[in-house]
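What follows draws every value from the coordinates through simple rules; no lab data is involved. On a predicted model such as this, the values are computed, not experimentally measured, just so you know. Here the Cβ positions follow ideal geometry from the backbone for every residue, glycine too, while neighbour counts run over all protein chains shown.
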Amino acid sequence: MSEKVFKKTDKIQIIKMAFWVLISAAFQAFALTSFSVPAKIYPSGISGLSRLVSDILKDYASLNIPYFYFYLIINLFLAALVYKHIGKLFTIFSVLQTTLVSVFSSFFPTLHILDDPLLIAIFGGLLSGFGVSLALTNGASSGGTDFISIYYSNKYHKSMWDYVFGFNSAIICVAGLLYGWQIAAYSIIFQYASNTIVSKMHKRYTHQAIIIVTKRPQEVIDSIFKNVRHGITKISAQGAYKGADETMLYTVVNSFQTTEVVRYALEGDPKAFIETRNSLRVYGNYYQKPLD
C-alpha cells in the first residue's frame, strides 16, 4: 500500500470515528437528559457519580452546579492519568466524546417521554448502553471508568468488571441512603440494561478459540498471518474414517475477529473443517492489538 493511499485510509478512518463519536454522545446525552435526570435515576460510572455529587450539593448545600461540569472535569483528569498507557487517538476521541456529552447535555431539552419510572429505567438504560457501545466499537469510549478498565484490561488481559461493579454499587448505596431505596432500585435496572447492551456489542476483551482441520495447513496459516497477528499451533492429526493425514491448527483471537479469521482460513483452504468456541480466559503470551 502506498503512503498516499495509507494517509487517505487514515483520514477516512478518522472521519468515521468522529461521526460515530458524535452519534454516541448524542445518544448518551439524550438518555441522561430525558430519562435519567427526570426520574432521578443514577447511571453507572462517572456519569452516575457526577449526577450524585451535583444532586447532593444542590439538596444539602444549596449549590446548583450542573452535573455535566463534574462529568467533564473528572473525565479530563482520568484521561490525563492514563493517556500515556493507552492509544493517543483513542484518548483524543474519548475526550471528544465526553466533551460532546457535556455540551449536548447543556443544550438538550428535558423531554418527559415516559411517566412510568420502570419503563424510564429500562429504555433509558438501553439508549445509554447503545450510545456507549457506539463509542467503544469505533475506537473510542465514554471515558470515566472506561479509561481505567481499558488500561487494566490491556495490561493484564482480563476484565475489571468486579471493581467497576463495586464502584457502581457504592453509588447506588449512597443514592439509596439519601434519596430512597426505590430510586436505588430503578438505578440498578438502568445500569443493568445499559451494561447488557455494552457487553453484547463490545467484544474487544472476550476471546474465542478456533480449531481448523485442513490438508493445506501452510496456505491457511499464510492467509491468516497476512491479515491477523495471532500465533497458531500446528498439530498432526489423522482422519478416523479414511485414515487420511490431516493437520489441526489451533489459535485464540478476540471475538470480534472470529468472522474474519474464519474467512481468511477458508481462503487458504475452502474445504477446511472449522470449529469456534468461547474461551473463558487466556494466560501467557497473547497478542492484544493496541488501541490507536
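Okay, here's what the table says:
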read-out: Highest average packing first - 210-217, 175-182, 107-114, Cβ atoms within 10 Å; value: 210-217, 175-182, 107-114
read-out: ³J(HN,Hα), Karplus 6.51/-1.76/1.60, whole Hz, each residue of region 120-135, x for Gly, Pro; value: 4, 5, 5, 5, x, x, 5, 5, 5, x, 5, x, 4, 5, 4, 5
read-out: Cα shape, region 60-133, gyration tensor, a/c 1.5 rule; value: oblate
read-out: Virtual spin-label span in nm between Glu267 and Phe19, 7 Å along Cα→Cβ; value: 2.4
read-out: Estimated FRET transfer efficiency when R0 is 22 angstrom, pair Lys88-Lys11 (beta carbons, to 0.05); value: 0.85
read-out: Potential lengthening between Lys200 and Asn64 on full extension [0.36 nm per residue; Cα-Cα distance subtracted]; value: 45.3 nm
read-out: Candidates per trypsin sites (Lys or Arg not before Pro) in region 29-91, loop by DSSP, up to 11 other Cβ within 10 Å; value: Lys84
read-out: Spherically averaged projected area of region 3-201 from its Cα convex hull (nm²); value: 11.7
read-out: Estimated distance in nm for a label pair at Ser279 and Ile73, the labels positioned 7 Å out from Cα along Cα-to-Cβ; value: 4.4
read-out: Around Ile212: net Lys/Arg minus Asp/Glu count, Cβ-Cβ under 9 Å; value: -2
read-out: Ser236-Glu260 FRET efficiency (beta carbon distance; Förster radius 25 Å; 0.05 resolution); value: 0.40
read-out: Selected from Phe165, Leu119, Leu63, residue furthest toward positive end of dipole (region 3-201; charges at beta carbon); value: Phe165
read-out: Flagged links, alpha-carbon separation over 22 Å, of Lys200/Lys226; Lys200/Lys271; Lys200/Lys234; Lys215/Lys242; Lys84/Lys200; value: Lys200/Lys226; Lys200/Lys271; Lys200/Lys234; Lys84/Lys200
read-out: Region 210-253 - Rg over Rh from alpha carbon coordinates, Kirkwood radius; value: 1.01
